[in-house]
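Q: One structure, pasted below without further comment.
The values are calculated or read from the model by the stated rules, or taken from the named source; none is laboratory data. This is a predicted model, so every value here is computed, not measured. Here the Cβ positions follow ideal geometry from the backbone for every residue, glycine too, while neighbour counts run over all protein chains shown. Only protein heavy atoms, including side chains, enter the accessible area calculation; ligands, DNA and RNA are left aside. Shrake-Rupley method; radii C 1.70, N 1.55, O 1.52, S 1.80 Å.
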Amino acid sequence: MLRWLTAGESHGPELIAVLEGLPAGVPLSLDSVREDLARRKLGYGRGSRMKFEQDELHFSGGVVQGRSIGGPVAIRIGNTEWPKWVEVMSAEPTELSDRSRGRGAPLTRPRPGHADLTGMQKYGFDEARPVLERASARETAARVALGAVARAFLAELGIRLVSHTVALGTVRVPAESPLPRPEDVAALDADPLRCFDSAASARMVVEVDDTKKSGDTIGGIVEVLAYGLPPGLGSYVHWDRRLDSRIAGALMGIQAIKAVEFGDGFETTRRRGSAAHDELHVRDDRIVRDTDRAGGVEGGMSTGQVLRVRAGMKPIATVPNALPTVDVVTGAETKAHHQRSDVSAVPAAGVVAEAMTALVLADAVTEKFGGDSVAETARNLTAYLDAIPDTLTTAVES
Ligand SMILES: Cc1cc2nc3c(=O)[nH]c(=O)nc-3n(C[C@H](O)[C@H](O)[C@H](O)COP(=O)(O)O)c2cc1C
Ligand SMILES: C=C(O[C@@H]1CC(C(=O)O)=C[C@@H](OP(=O)(O)O)[C@H]1O)C(=O)O
């Protein structure tokens, strides 16, 4: 079983991420974590902060000589913008009560679509600063760092993930387009939208530009694919052990994600049963499914087919043409706070979704196969697959 936690604020000194339960022997390098963090910052439509802020990465524990040692893996990600925020964010009270302008001014005009107003009500704050600091998606850097660790573990077992953008606003990648594979990641990284369909990507760039010009923001849909999963991760025996339920919860836990679907998802609800499922046939003495409408999960368990899950992101809530709100000091209607923000963070959300899916899959793998070292986990996985009788064997899609 894996457990993970993150701590830290958007404009604080650093983010801290801890992953407990990872077997020993997983090759881990700062470079591979750095690559995923860099990927999360990219994407057409991101705001100015992505250009000037650097992630300063350190392993604080759990890694010796480039491999996990079985103890908690702790990662620190320093925010290089911290010096500009020391005064506002200081843990010691300074002149905070005397702030009147600039960066330190109290945020008393809560932004609709953010945690601001309800967070103030819930935690007893008279302004939104302490709310937005933790609600901000800066925290997703910590999850992506942990996701890179989970991906390194899964890779040792032949399980690989990739994510891509399938919709931005009204622009959609055609349903019949080929799916990217993990080895296509360089092509995805090179695309401004992390989109595998170059025609759709070009239209998405125009959509971002138009949105920006009109002082607005935009959302979209990302898809995560996992290749090489054995059948039987998760379980049908209890709701909270279902793999799809666990992945959906992890994806819904990403800031601004409002919808999740597996396989053909909502499209399936429009079909008759005869055209909605993945039929079983026999070929070369193996049971095969010629379609993957279910997205690689049936009965809350991985089937061995490609896992395919989508997450829908709402448009960025800090709209440049600021939305109507109420000043909580004066009680007057006014416009919400806006300094800077992303026009779209959909490509970045794909990288975060990939990280969260990797963490859940790594958790499900350790639950099913155990192992204090990754070699032991791999042996247990092989023994499990070997023990499935020939009459029940399906191909694992890697
Ligand atoms: C990678 C990423 C980047 C984001 N960047 C911004 C941003 O620049 N401005 C903004 O207002 N919201 C941004 N968001 C979304 C907000 O954090 C989110 O809308 C807010 O937490 C409220 O959404 P919720 O109701 O889903 O929690 C981003 C989300 C993600 C995943
Ligand atoms: C810092 C990141 O994302 C931030 C997420 C975010 C929000 O409201 O969620 C708002 C923006 O920050 P700021 O308000 O300081 O401009 C984004 O830049 C990041 O992804 O690393």
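Q: Compute the whole-percent fraction of alpha carbon pairs in region 173-253 spaced more than 22 Å apart.
A: Cα-Cα pairs of region 173-253 separated by over 22 Å account for 48 percent.
Q: Which residue, chosen from Ala190, Val64, Val18, occupies the Cα position most advanced towards the positive end of the dipole of the chain, where the dipole is computed from +1 (Lys, Arg) and -1 (Asp, Glu) charges on Cβ about the Cα centre?
A: About the Cα centre, the residue reaching furthest to the positive side is Ala190.
Q: Hey, can you rank 148-155, 311-318 by average C-beta count inside 10 Å, highest first?
A: 148-155, 311-318
Q: Using a cut-off of 10 Å between beta-carbons, work out the net charge of the residues near Pro27 (Lys and Arg +1, Asp and Glu -1, Pro27 not included).
A: Residues close to Pro27 contribute a combined charge of 0.
Q: A further question on this structure: Filter the trypsin sites (Lys or Arg not before Pro) in region 314-378 down to the DSSP loop ones having no more than 16 other Cβ atoms within 10 Å, then list what survives.
A: Of the trypsin sites (Lys or Arg not before Pro), the ones in loops of region 314-378 whose Cβ has at most 16 other Cβ atoms within 10 Å are Arg340.
Q: Would you calculate the separation in nanometres between label points at Thr334 and Leu5, each defined as 7 Å from the Cα along the Cα-to-beta-carbon direction?
A: 3.7
Q: I've got another one for you. Please work out the Cα center distance from region 263-340 to region 1-52, rounded to the nearest Å.
A: Taking the Cα centre of region 1-52 as reference, the centre of region 263-340 is 23 Å away.
Q: I would also like to ask the following. On the protein heavy atoms, probe 1.4 angstrom, tell me the percent of accessible surface of the chain carried by carbon and sulfur.
A: 54
Q: Could you count how many Lys pairs in the chain have their Cα atoms under 25 Å apart, skipping same-chain pairs fewer than 8 positions apart?
A: Here the count comes out as 21.
Q: Using the Cα centre of the chain as the reference point, and only Cβ charges (+1 on K/R, -1 on D/E), how large is the resulting charge dipole? Debye, rounded to the nearest 20.
A: In total the dipole reaches around 760 debye.
Q: Can you give me the accessible area per residue for the chain, using a 1.4 Å probe, in Å²?
A: Per residue, the chain has an accessible area of 47 Å².
Q: Order 281-288, 167-174 from most to least packed using the mean count of other Cβ atoms within 10 Å.
A: Ranking, from highest mean packing down: 167-174, 281-288.
Q: Sum up the charges of everything whose Cβ sits under 14 Å from the Cβ of Leu323, counting Lys and Arg as +1 and Asp and Glu as -1, but leave Leu323 out.
A: Result for the neighbourhood of Leu323: 0.
Q: Please identify, among Arg138, Arg76, Arg49, the residue showing maximal mean-square fluctuation in a Gaussian network model of the chain using a 10 angstrom Cα cutoff.
A: Arg49
Q: Here's a follow-up. Springs between alpha-carbon pairs under 10 angstrom, Gaussian network model over the chain: which of Val64, Val205, Val346 fluctuates most?
A: So, out of Val64, Val205, Val346, the one fluctuating most is Val64.
Q: So what does the Cα-only Debye profile of the chain read at q = 0.09, 0.14 Å⁻¹, as log10 I(q)/I(0), no solvent term?
A: -0.58, -1.28
Q: Hey, another quick one. Based on the Kirkwood radius over alpha-carbon pairs, what value in µm²/s does the Stokes-Einstein equation return for the translational diffusion coefficient of region 211-251 at 10 °C and 1.306 mPa s?
A: Rounded, D is 118 µm²/s.
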